[in-house]
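Here's the structure, in structure tokens; my notes come after.
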Amino acid sequence: MDVDPAGGAGTLDTMDAHLKALADISMALSAAEEFLDESAHLNARDQLDAASEGLTALRDQWPQMSAAERTVVGRTAAPLRDRLDAGRARLPKLTALTEVAPEPGEGDDDDGGPVPGDDGSGGEVRAFRLVAAPDREPEPPAAA
């Protein structure tokens, strides 16, 4: 078992775990930055989410950290948080396709040409609209 000079047991083991977590966060951010440079936005978002989860886990452990651990973790986590925020700012807003009823007049120009969305089967013509996702995460359902 590791002992710190102040007499606390396990501090080196705990600090090692914090440093490994910070390294994992940094690697996720580096991967996200590379994905953003390649316009691989979904992969970047996954890496940014992983980094965010890592920072949240460290924040949850903050009350149990010693003063020395807080000093090291705090000074190291601050630039990581800045990189996370910068990465999130580079992400395009999410968009989604929603199915809507065809607008009146859509496909009514019976010019003999193909109707967009018509596969020739005689079935219903389907229309889709691109909508922006909300700026915030959806609220979790209320407990019943």
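Every number in this text was worked out from the coordinates using simple rules, so none of it is lab data. From a predicted model like this one, the values you see are computed outputs, not experimental measurements. Methodologically, a virtual Cβ is constructed for each residue, glycine included, from the backbone with ideal geometry; neighbour enumeration extends over all protein chains shown.
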Quick calc: nm separation of the 7 Å Cα→Cβ label points for residue 68 and residue 97 -> 5.8 nm
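Placing unit charges on C-beta atoms (Lys and Arg positive, Asp and Glu negative, everything else neutral), compute the dipole magnitude of region 11-90 about its Cα centre in debye, rounded to 20.
With Lys and Arg at +1 and Asp and Glu at -1, about 320 debye.
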Grab the beta carbon distance between residue 82 and residue 56, set R0 = 25 Å, and tell me the FRET efficiency rounded to 0.05. 0.95
Extension gain (nm, one decimal) between residue 17 and residue 37, 0.36 nm per residue minus Cα-Cα: 4.2 nm
